[in-house]
Each structure stands twice: as C-alpha cells, then as structure tokens.
Amino acid sequence: MTRIPIEANPYIENFDILEKTEFAKDPPWFRSLRKAAISHFAEKGFPTTREEEWRFTSVSSIATASFKPVPANRKDLFASGKIEPFLFGLKECARLVFVNGLYCEMLSQMPPRLPSRVRVENLARVLEESPDLVEGHLARYAPYGNNGFSALNTAFIRDGAYVFLPRGAEIEGFVHLLFVGDRNEALANVRNLIVAERGSRVAIVESFVSLEDSAHFTNTVTEIQVAGDASVDHYKIQNESSRAFHIGTTEVNVGKDSRFSSFSLSAGSRLARNNLNVCLDAPGGECALYGLYLLSGSQHIDNHTMITHAKPYCNSREFYKGIVDEKSRAVFNGRVVVVKDAQKTDARQTNKNLLLSDAAHVNAKPQLEIFADDVKCTHGATVGQLDEEALFYFKSRGIGEGAARALITYGFAKEVVARVPVEPIRLHLDRLVLRKLKQEGKGGEEM
Amino acid sequence: MNTAPDTIEALANREYKYGFVTPIESDVIPRGLNEDIIRMISAKKNEPEFMLEWRLRAYRRWLTMEEPKWANLHYSPINYQDIIYYSAPKQKKPLGSLDEVDEELLRTFEKLGIPLEEQKRLAGVAVDAVFDSVSVATTFKEKLLELGIIFCSFSEAVQNHPDLVRKYLGTVVPYSDNYFAALNSAVFSDGSFCYVPKGVRCPMELSTYFRINAMDTGQFERTLIVAEEGSYVSYMEGCTAPIRDTNQLHAAVVELVALERAQIKYSTVQNWYAGDREGRGGIYNFVTKRGKCAGDNSRISWTQVETGSAITWKYPGVILQGNNSIGEFYSVAVTNNYQQADTGTKMIHIGKNTRSTIVSKGISAGHGNNTYRGLVKVLPKAMGARNYTQCDSLLLGDQCGAHTFPYMEVQNSSSSVEHEACTSKISDDQIFYCKQRGLSAENAVSMIVNGFCKEVFKNLPMEFAVEASKLLGISLEGSVG
C-alpha cells in the first residue's frame, strides 16, 4: 500500500484551514488535543497492511479517496418518513439523529421525562455551552495514538452524542443514536462520549445506516466509561450501503463490580472495520461481547476486539459469529490479554465462521496473552460449512435444498441474535438478518 | 502447594547434567562471515561446484534480508561477525571405521548416553553423531544399506549421492525462505541425510545426536530426509550443549519430502543448555523445519519436546500438497527460569481431502514465556480439507507468561478448521486430591504435568518417551511452590 505524502494529504490541509476558523473558538485544552492528534496522524498516516493489526485489511481505498466533512452550516433536512424504518417502531425513546456526522434536531426527540441531571445531547452543543463537562473525559479512554483513524477522528471532533448518567441514575428503555449517511464522498466524523457514574444503568443503541446507495465514509469513535457498580449495554448495528466505508472504534473502561455488554452486528458497507477494546480496570468487572457479521458481494468486514484483564477477579465472555458468502472477506481478530497479577481471571472466547462460497475468505485469529498464573482462559475458533447431515435431515422431510440451507444459515445467526434482551431491537435485528440472507439469494425466496 | 522450601531449593539448584566441555583439539576457521569464509567451508568439505554456488547465492540473499522481529521474543542482538562458523574436532586421518574415532569423542557421547561402540549400541537405533560442525560417526550404516536405505552425514551424501542432494536440497525450505534459513544455507556444515527407497519400511529408528562443544561457535546443520513411494521412516533427533555464560547460535534447517503413500515420523527432544537461573547464557535456537507431503496419501508427523534453549524460534510445518495427505504436529514446550519459546506450526492445505492435526502443550514456569504461533491455511483448491488444533497452556508460578497466536486463513468453503485453546494452572483441588492420597506435592505436580503432556508423549518412539518424561521432570523441578 502506498502512503500518501504528507504535504498532499487533504486531511491535514483541511485541518489547517479549520484550525484558523471553526476550531479557533475551542477552549485551549481542546485545541491542543486536536493539534496533538493531527500531528500524530501526520507522522503515522493511515495504517498499512505491513502492520500486524491491519495485515488483512487494506485501507488504501479510503486513504486514496477524498472524503470531506460536510460544511457545518449545512443541515440536512428531509422528510422524517425516510428514517422511519430505522426506529424500531418506537415513539417514546430518547433519540439523537445525526446526518453525515452532524446533529439534526428536527429528527431527534427526548422522552417527556429524563431523570434529573441525566444528559443526553449532542457533543457539539456541550462543547459550546459547557466544555468543562467533557474536559477530563474526552480522549481519556480512546487515546488518539491507537491508530491513524482515531487520531483523525480526534483532530476533527465536531459532533456526536454525549450521554451522562449521574450516580444511581437509570434511563428506561434505551438511548438510540442514529447515524445517517446520505452523500457521496461525505466524511462523517462521529465522536460519542458515554459516562456512567457509580451505580447507574443504561442501554445505548448506535445504528449506522445510509439513505440511497451513497458512498460515504464514517469514522467513528465511542468512549464509554463504566464506573463502579454501573451497568452499560451497548449495541452497534452497522448496515450502511454496500458502497460505504466504515471505521469504528469503541473504547470501554469498566470499573469495580461493573458490567458492560456489547452487541455488534455488521451487515453493511463495502469495507468495515470495528475495533472494540474493553479494559476491565478494577476487580469484579465483567464484560460480554457478542458479535455477528454477515457478508456478501465483495464486502470486507474486519472485527478486532481486545479485552484487557488489568485487575484480578474479572470475567469476560466473547461470542462472535460470521456468515461469509460470495466474494467477501471476513477478518476476526480477538485478543485477550491478562496482565501480571490479574489473578482469578476467567476469560472465554468463541468465534465461529460459516463459509458459504469458494471465492470467500475468512481470516480468524484468536489470541491469548497471559501473564498471570491463576487464570482460566479458553478460546475456540472454527471455520466450516453447512452441515451435510442437517441438510439431509431437512431434505428427507420434504424441505427443498434452498430452503433448508437458508433455515440452517438463519439458525446459525439466530444463536447470537437471540441473546439480545431488548425485544424491539431483537426483532429489528432478526428482520435485518433475514433480509440480508435473502439478498444473498441462496434460496431465500423459498423462505 | 506447600512443599518444604528446602527441598525445592535443592532441586532448583540441580545442574544441567550435560553441561560439561570435552577437552579436544579443534580445527577452527577464523571468526566472522564473508564470501571467503563460505568458500573455505565449502573447500574443507571438498564440495562440488553446485554446492558452493548455492551457498553463495544464499549468502547474497541473506545480506539483503532482515532479522525477523515479529516473534514474541526478547534478546540482545546477535553479532553475526563474532561467530565461528566452522569447528571440527581434529582427526589424525580420515575415518575408516568407528574404531578410529577419537577416544575422547566416544567418551563424550557415552557420557551423553549415546554409545557409539559396536557392543554397546542401542539395539534398533541407528545414530549419526554430530559434534560441533561435523558428523563424527554413523552407526548401522551398512546394515541399512542392504535394504537400500542411505543414512549418512550430509557431507558424505554430497560426495557420494550428489544427484539426490541436488534434486531435493532447498525444495521444501528454499534459501530465500527466511533470514535464518538463508544463513544456514550459506554456512551449513553438516547434518544427516536419509533416503528411503520405494516400498521400504525402515526397520530401525534413525537418529541424529547434535552436540555443541566449542566456544563461540554456531551450529548450522541441515537435515534432509526423502521417503520414496510407499516407504516409512521414523527419525529422532536429540541435542545438548555445555554450560556457558555467553549465548551460542544454533540455526538448523530440516527438510522432509514424502512421496506417494510414504510416511515420515520426525521426533525431536531438544535439550540445549537453557541458561542459568538468572537467564545468563544458553543457546539461541532458530530453526526452520518443514515437510512436504508431495505425493497422494502421504503422511508427515512432527513430534517435539522442547525443554532447552534460552530462545526457541521454531515452526515445523507441513505442506499438504498431495491429495489425502496428512500432517501432524505434536508439541510439548517447557520454559522455566528466563527461557523464551515462540513455537508452533504451519499447515498449508493445497491438495484435496488433506487433514492436519495440531496438539500443542505449553508449560511455563519461573519467568518463562511460552508462545504458540500457528498458521492453518486452506487454499481454494483444497476441497474437503480438515484441521483440528488444540493448544493448551499450563502456568506454574505467577511470573511466567503463556500466549497463543493461531492464524486461520480459509479460502475454501468445503473445508473445516477448528481451533481450541485453554490456559490454566494446576488447581489447588487437584493437588489436594493427590496429597490426600499420600502423594507429595512435588510428585502430584509431576504426575499432573505428565498427564497433561501424555497426548504428545504417546507419539514419541519408546526410547524417547521415557527420556522426555524424565527431562520434563528435571526442567520443572523447583518451579513448584
């Protein structure tokens, strides 16, 4: 992969312009954060396949294209009917809608009552009105040094969601963050910050969709802090257009006796990469990561997860499944690190891949890195195809080949989807999976 | 696990019993590496022109390569100009028979438990003894030749069977394969050569014993085994070195070629000096081993017990080219004190219905770091390929580390690849259970560790299995508590 010479890099040029105009009004700490991030990007550039972490995913198509942020004074307005299908059929829940990375108030809504001091608002507003709120938190858990995309995201922070839960607060149902892309070459630079204080509880749904078949680029970073005794459920549903690019990083810090769960579904985009890093940073922390990726056409979806057991007495569970068809390529890299003295760690990881076509590829790399002795760590990974005997069972009962294949494939995916506890989301996902499998056309019409 | 501290102390201080040095006069070439040195090595071995050319090509390639840095290993840089690339015990005259081998050498091998004298030979095992850079003796040569089996040192093979060497050398591990393979190809001094003709089942175990003796030398041997159609051979390899404060480099290359329906079983018990308790000294073991199942229905299996070396960098692999061919890898790797091991395998599925099995057991104790790194690659044409991988790690002590990096690259939808790994320590319950039945903690641990490794040991030839299990005990003594 060729690295673009720094002088010609449009992102850096663009930054220099914005730095003198739009970003000039930011508080000094924020300006220096941006500057540090852009100089890191200028130095490192986009990751290349020479780096172990990006070995199987080339981002040259992103690096060589010219994606631009949509000007800040332009707010996309359109009939709210267009986003109706992405709302899980719910009228009441707290919802923030972003179009090409910028907040759209018209489409967003708040439930009549939120518990006191709870904040669910767009980051741009918080940065403008009370930047002190986010000063200690922004870029604390998502260091821009992790990769070029995080650096780029930090340098261009504009908007995103800010969710804050004070001690003991609880939001009923869930907070829905909807990110819509509708413009070719648009760069949506999304930055979300979720802070759950002691004893609080929240479920956040991030969904990424496209209107039309647009080729946009979403570069998103979500930082989640789960303080002691708190609980955060995080859902990420990525179903962007088959021409879109998606790079997403979620960095989570889990406190004492807290729990974090993540569910990630990747079905859309031409090239998608999800980085999910969870640090179990105090004893008694727990995390459960579930993932499902469905690939067809020439899609490339890469899921990189890392769970760091930084302190003793933490548990982690990970369960990722993938259905890989046609000419697509799936990458799974699951890393579990147990640091020195993180005794009594219990970590389990499973990755299963269903490879449906000879032209498709799967690269699976589960990794365990263990520096403590009193631990129980396991991982398992499989790559296989539909079970011939299961197919025969169906056929012998009069169900056609196509329908049987579709049913077994659906069953494979269902194992993950069924673990989603919130009903409207589960139903939405179920439909999404069915639709995607139908698109893949393997006898879907018979279903 | 509360064994009396004094016994642990005593056991931990037990010496590496192969750590002696043989006082023998050596024929040594100057330190350093350049084209002249390579010419000198080649001249000393009286090699045909094609060998020298091959060596020089490898050397020139090596100059353009960089030492690999991806392994999970930490060591001070190796100065390749400060190594003596050839050292051979001085011999008064060319060897006619074993009786003419230097007394001192015979005593050395006897001390190592490898008697070379006729009357004491291990029944049923033919041994090629390699001392520093050269092979000093090969037993049962004539008996094997009656069946058409060629078993001799690599130098002899170059002299007597140049066509075979030329045909197979570098076909599995080309000199451009990696940094250490290139270095080996340029400077390798000896090793074993084995050729089993069509349809012959080798009646005895073949074995090579490698011994490093001289100071500041590196050992670069090369082994080539060719099994013709329908033949079978089982080969074993053992190694030791003296105790020294400095690190010595060992970079070997092993190539196996199995033709149609042939079967090669390759077993290694690696017990190079591992360095002292503070991590001083020890052998740097950078080895490239690979087998090619070239013919249909062929089978190659690697079994290794890695207990020695300060650094182990070793990935015995199998290229499964023939249809229905089978590759197997069974490994026990032990790291104690400051030892580091980055080892695993590569299974490349090319042919139809190829199968591979990987069983890797890592045991870490003290400050040891043990890494399994494996690749299972299924190419688009490998219809119906199957792989099963299991790698388990056992942790003894809270300062050690165990790591697993399996790579799975699958490009065929009719294949199935499975990987399973777990890491744990010996639970207090297990120890309690044994102690309750009158076993000491020390014995309990040794029993559990042996049980943990049983799956691998059962694949070793009898003589080796006993040895390996004893070795495991010694390597881990003092690490429990």
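Any read-out appearing in this document is the output of simple, stated calculations on the displayed coordinates, not a laboratory observation. Keep in mind that what you see is a predicted model, and the values were worked out from it rather than measured. Note that we place each Cβ from the backbone using ideal geometry, even for glycine, and neighbour counts take in every protein chain shown.
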Rounded to the nearest 0.05, what FRET efficiency is calculated for B:Asn450 and A:Arg397 with R0 set to 60 Å and r the Cβ-Cβ distance? 0.75
Honestly segment A:6-282 on the Cα gyration tensor test (a ≥ b ≥ c root eigenvalues; a/c under 1.5 rounded, otherwise a/b vs b/c for prolate or oblate) is just rounded
In order through segment A:59-69: 3J(HN,Hα) via Karplus (6.51 cos²θ - 1.76 cosθ + 1.60), integer Hz, x for Gly, Pro: 9, 4, 5, 7, 5, 8, 7, 10, 8, 10, x
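Please give the average number of partner chain Cβ atoms lying within 10 Å of the Cβ of each residue in A:381-392, rounded to a whole number.
Details: counts 9, 9, 14, 8, 7, 1, 1, 1, 0, 0, 0, 0.
What the average comes to for A:381-392 is 4.
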Identify which of A:Asn147, A:Asn315, A:Asn14 has the largest mean-square fluctuation in a Gaussian network model of chain A, with springs joining Cα atoms closer than 10 Å. A:Asn14
Per the rule of 0.36 nm per residue minus the C-alpha distance, extending A:Ser66 to A:Glu415 adds in nm 121.7 nm
List, in the order given, every pair from A:Lys82/A:Lys414; A:Lys344/B:Lys346; B:Lys352/B:Lys458; B:Lys289/B:Lys454; A:Lys44/A:Lys68 whose Cα-Cα distance in the structure shown is over 25 Å. A:Lys82/A:Lys414; A:Lys344/B:Lys346; B:Lys352/B:Lys458
Counting other chain Cβ atoms within 10 Å of each Cβ in A:352-359 and taking the mean gives 4
Quick check for me: using +1 on Lys/Arg Cβ and -1 on Asp/Glu Cβ, what's the dipole size of the protein assembly as shown about its Cα centre, in debye to the nearest 20? 1580 debye
Relative contact order for segment A:99-246 using alpha-carbon pairs under 8 Å, separation at least 6, rounded to a whole percent? 25 percent
To the nearest 0.05, the calculated FRET efficiency linking B:Lys458 and B:Gln430 through their beta-carbon distance, R0 being 25 Å, is 0.75
List the aspartates and glutamates whose alpha-carbon lies under 12 Å from that of A:Lys365, not counting same-chain residues fewer than 8 positions away? A:Glu52, A:Glu53, A:Asp302, B:Glu409, B:Glu418, B:Glu420
Amide H of B:Arg201: which non-local residues (sequence gap of 5 or more, or other chain) have their own amide H closer than 5 Å, using H built in the peptide plane? B:Tyr232
Check B:Gly374: other-chain or 5+ apart residues with amide H under 5 Å from its amide H, H built from backbone geometry? B:Thr345, B:Phe405, B:Tyr407
What aspartates and glutamates could a cross-link reach from B:Lys381, if we take a straight Cα to Cα line under 13 Å and drop same-chain neighbours fewer than 8 places away? A:Asp358
Provide the per-residue ³J(HN,Hα) series for segment A:220-229, in order, calculated from phi with Karplus coefficients 6.51, -1.76, 1.60 and θ = phi - 60°, each as a whole number of Hz, with x at glycine and proline positions. 10, 10, 10, 10, 10, 10, 10, 6, x, 6
Which value results when the Cα radius of gyration for segment B:391-481 is divided by 2.2 N^0.38 Å? 1.36
For chain A, built as a Gaussian network whose Cα springs stay under 10 Å, the top-fluctuating residue of A:Pro366, A:Pro111, A:Pro166: A:Pro111
Here the equivalent ellipsoid of chain B, derived from its Cα gyration tensor, has semi-axes (largest first, whole Å) of 33, 28, 22
As an exercise, use a Förster radius of 35 Å and the Cβ-Cβ distance of B:Phe20 and B:Glu67 to find the FRET efficiency, rounded to the nearest 0.05. 0.65
Using amide H atoms built in the peptide plane, which far-off residues or other-chain residues are under 5 Å from A:Met306 H to H? A:Leu276, A:Asn277, A:Val278, A:Arg335
Can you give the calculated 222 nm mean residue ellipticity of chain B, where each DSSP H run of n ≥ 4 adds -39,500 (n - 2.57) and the sum is split over every residue, rounded to the nearest 500 deg cm²/dmol? -7000 deg cm²/dmol
Considering Cα pairs under 8 angstrom that are at least six residues apart, work out the relative contact order of chain B and quote it in whole percent. 11 percent
Per-residue HN-Hα couplings for segment B:285-295 [Karplus 6.51, -1.76, 1.60; θ = phi - 60°; Hz; x = Gly/Pro]: 10, 10, 10, 10, 10, 8, x, 10, 7, 6, x
Out of all DSSP beta bridges with both ends in the protein assembly as shown, state the antiparallel percent to the nearest 5. 10 percent
